[in-house]
Amino acid sequence: MKPTTLFPIAVVCAALATVHLAHAEPYIPVISKGFQHQFWQAVKLGAERAAKEFQVRITFEGPESESQVDKQLEMLQAALAKRPQAICLAALDTKAVIPLLRKAQAARIPVIGFDSGVDSDIPVATAATDNLTAAGFAADKLAQLIGDAGEVAVIVHDQTSRTGIDRRDGFLGRMKAKHPKITVVDVQYGGGDQLKSTDLAKAILQAHPGIKGMFGANEGSAVGVLNAVKELKRQGKVVVIGYDAGKQQ
Amino acid sequence: MAPPITHTDRAASRPRRAGRTSAVQTVLAFGALIVMGVVFSIASPNFFQFDNVVGILLATAVNGVLALGVTFVIIAGGIDLSIGTVMSLSAVMTGIVITNWQLPIPLGIAAGLATGAVAGAINGVIIARLALPPFIATLGTLSVAKGLALITSGLRPIYFTDTPSFNELAMGSLIAKLHPSLEIPNLVLFLFGAAVVAGFALNRTILGRYTFALGSNEEATRLSGVPVAGWKIAVYAVSGLFAGLAGVLIAARLDSAQPSLGFGYELDAIAAAVIGGTSLRGGTGTILGTVIGAFVISILANGLRILSVSQEWQMVVTGVIVILAVYLDIVRRRTQEHA
């Protein structure tokens, strides 16, 4: 058994050793909040395009759900271990990442926040969306398109993530404050899953035949809402506003 | 080939009881771990750095504790799919007691552990008394625990900002106090402490004996007059207790109780146990093996990240390695038995 197992191991070692050639270009890991949604893939595309333009090597990673704070910590820690030139981070939980960010600071690795950024003074720059305000803007837009009165519903992706909470509260808060003639009849959570969101949206549409507008708080949710409207043949009667961009929209 | 062996000859030439491992097997299991470490170290100078090794230890802690608990259940011939969500529920309970009700931290920890143990006991009752298959029963409690975690937390994470000493419990470093240059968080100590306790329970207590008995031959155990139902409940309660501990630890580490985190974690825990030599058929398994299995998983994940393997490919590689690791373990055991 021994010689036959040692040989392939030796081959693998040699292969891996040659893989790690010295990289002349700077390396920047990009750690996002998610991975599979087309929204994050769009972010990844943008990052890769910029990487090519500026001659930088990047890696793009993110945990499989926005609640996996610990997995993101592990990614961040592994990224730090690679001694990159900079790190881009969309933190799921600011407090949790601060010890690692301090390590980055001590190692003189600049941290750049994106999406919801990081709520601390360590990042040197941030490119973020203010979810509350943006969702409020969505509320205004929807109100404008349905004549500022009527029934609407919301499909949010996540009850517990920062983005889910902010987008829902931003939308609801704005509706309450500025559009009192609009009633939000239902808020449902589809986990960002298109199929689930479709089913939830359909249920809402069937329960409220007079509904005039729907808001999908992330890409999966928005696609779900669109599917539901299409399947129930209510195009033209229901206005759909979505957050985050995906190809299917 | 060897001449045909009669049944009695074979029994006589196999004095080793199922459940005990030889020193050789343990060394081989360690060997796999060391080979992985060496391969990654050669591939990247960034792998074997102090900070990264500590990172690997941290990453193994929670999954390791979960795996320790589920090892008992698997050895006893069952399975526990609910450990992930029971972990979240326990974390949430700890959060409610410490942050919402503002009770002292030890009470919060007790609440978390108790939640896990009770959930495990409920699993045991459903399986032992209602005779549901463990897969279905724990699938059901997985869902119940998931929902309860969301309900009791009010659909949002519970933060421990007012009680920084809770976070300190996991991320502070006793080791650093003794040896200032070794900043190893306490979470790692909890993992090894839990492993020692689990090892003791499995190898030196009646609970451990009956765990193996249930897994090797439940019918014979029952016919020997052992109250099988009661011991089954105890075994599942142990699994739940460890899930509860994992919940407390992850809450302390992240300084928050995340009610949606945990679903899916049962798979990594079960994989760790199986990679470490715990057979899904029951009757075999060791705590050391489970710990090694947990490290195999976290070293693999970390190594691939250090090598900047893209995330999609990480998933493929991990799956392949898991299959290989379990296969090698089966082959190893088969050659051991025929030796």
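The values are calculated or read from the model by the stated rules, or taken from the named source; none is laboratory data. Model, not experiment: these values are computed from the prediction. For neighbour counting, all protein chains shown are included, and Cβ atoms are generated from backbone atoms with ideal geometry for every residue, glycine included. Only protein heavy atoms, including side chains, enter the accessible area calculation; ligands, DNA and RNA are left aside. Shrake-Rupley method; radii C 1.70, N 1.55, O 1.52, S 1.80 Å.
Numbers below:
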{"quantity": "Number of the condition not met by B:S153 [criteria: (1) within 14 Å of another protein chain (Cβ to nearest Cβ); (2) closer than 30 Å to B:V296 by Cβ]", "calculated": "(2)"}
{"quantity": "Out of A:L80, A:L142, A:L101, A:L89, sole residue that is buried (at least 18 other Cβ atoms within 10 Å of the Cβ) and within 13 Å of chain B (Cβ to nearest Cβ)", "calculated": "A:L80"}
{"quantity": "Selection count, the range B:153-180, where residues are under 20 Å from B:L261 (Cβ atoms), hydrophobic (A, V, I, L, M, F, W, C) and open to solvent by 40 Å² or more (accessible area, probe 1.4 Å)", "calculated": "3"}
{"quantity": "Tabulated pairs, the range A:182-199, first farther than 9 Å from A:V156 by Cα, second part of a loop (DSSP other than H, G, I, E, B) and open to solvent by 80 Å² or more (accessible area, probe 1.4 Å), C-beta under 9 angstrom, 6+ apart or interchain", "calculated": "A:Q194/A:Q248"}
{"quantity": "Options A:Q77, A:Q144, A:Q105; residue that is modelled with pLDDT of 85 or more, in a helix (DSSP H, G or I) and more than 28 Å from B:V309 (Cβ to Cβ)", "calculated": "A:Q144"}
{"quantity": "Criterion violated by A:L132 - all others in (1) touching a strand residue (DSSP E or B) at 6+ places or on another chain (Cβ under 8 Å); (2) open to solvent by 40 Å² or more (accessible area, probe 1.4 Å); (3) not in a loop (DSSP other than H, G, I, E, B) satisfied", "calculated": "(1)"}
{"quantity": "The one condition in (1) at pLDDT below 95; (2) within 16 Å of B:T141 (Cβ to Cβ); (3) among the hydroxyl-bearing types (S, T, Y) that B:T85 fails to fulfil", "calculated": "(1)"}
{"quantity": "Residue within the range B:325-339 that is at pLDDT 90 or above and either open to solvent by 20 Å² or more (accessible area, probe 1.4 Å) or within 30 Å of B:S165 (Cα to Cα) (or both) present", "calculated": "no"}
{"quantity": "Among the candidates B:G140, B:G108, B:G64, B:G77, residue that is within 14 Å of chain A (Cβ to nearest Cβ) and either open to solvent by less than 10 Å² (accessible area, probe 1.4 Å) or of a type outside the set (V, I, T) (or both)", "calculated": "B:G64"}
{"quantity": "Boolean, B:G285 is away from chain A (no Cβ under 11 Å) and open to solvent by less than 10 Å² (accessible area, probe 1.4 Å)", "calculated": "yes"}
{"quantity": "Which listed residue is in contact with a Phe, Trp or Tyr (Cβ under 8 Å, 6 or more places away or on another chain), aliphatic (A, V, I, L, M) and modelled with pLDDT under 95, from B:A252, B:A220", "calculated": "B:A252"}
{"quantity": "Selection status of A:G210, in contact (Cβ under 8 Å) with a residue 40 or more places away in the chain, in contact with a Ser or Thr (Cβ under 8 Å, 6 or more places away or on another chain) and surrounded by fewer than 21 Cβ atoms within 10 Å (Cβ to Cβ)", "calculated": "no"}
{"quantity": "The range B:273-310, subset touching a Leu at 6+ places or on another chain (Cβ under 8 Å) and part of a helix (DSSP H, G or I), residue nearest to A:I98 (Cα to Cα)", "calculated": "B:I299"}
{"quantity": "Count of the range B:256-270 residues which are within 11 Å of chain A (Cβ to nearest Cβ), more than 9 Å from B:S88 (Cα to Cα) and open to solvent by 10 Å² or more (accessible area, probe 1.4 Å)", "calculated": "3"}
{"quantity": "Residue, nearest to the chain's Cα centre (by Cα), within the range B:222-254, restricted to residues that are among the β-branched types (V, I, T) and surrounded by fewer than 24 Cβ atoms within 10 Å (Cβ to Cβ)", "calculated": "B:I233"}
{"quantity": "Failed condition for B:E183, given (1) part of a loop (DSSP other than H, G, I, E, B); (2) open to solvent by 70 Å² or more (accessible area, probe 1.4 Å); (3) free of Cβ contacts under 8 Å to residues at least 40 places away in the same chain", "calculated": "(3)"}
{"quantity": "Tally, over the range A:29-40, of residues that are within 11 Å of chain B (Cβ to nearest Cβ) and either in a helix (DSSP H, G or I) or open to solvent by 40 Å² or more (accessible area, probe 1.4 Å) (or both)", "calculated": "2"}
{"quantity": "Residue selected from the range B:39-61 under the condition part of a helix (DSSP H, G or I) and among the polar types (S, T, N, Q), by the criterion surrounded by the most Cβ atoms within 10 Å (Cβ to Cβ)", "calculated": "B:T60"}
{"quantity": "The one condition in (1) part of a helix (DSSP H, G or I); (2) in contact with a helix residue (DSSP H, G or I) (Cβ under 8 Å, 6 or more places away or on another chain) that B:T161 fails to fulfil", "calculated": "(1)"}
{"quantity": "Hits in the range B:291-335 - residues which are hydroxyl-bearing (S, T, Y) and farther than 21 Å from B:V70 by Cα", "calculated": "B:S308, B:S310, B:T335"}
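This table checks each residue for (1) out of contact with any Gly (no Cβ under 6 Å at 6 or more places or on another chain); (2) more than 25 Å from B:G276 (Cα to Cα).
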residue: B:G69; (1), (2): yes, no
residue: B:G77; (1), (2): no, no
residue: B:S82; (1), (2): yes, no
residue: B:T85; (1), (2): no, no
residue: B:A91; (1), (2): no, yes
residue: B:L107; (1), (2): yes, yes
residue: B:A110; (1), (2): yes, yes
residue: B:A131; (1), (2): yes, yes
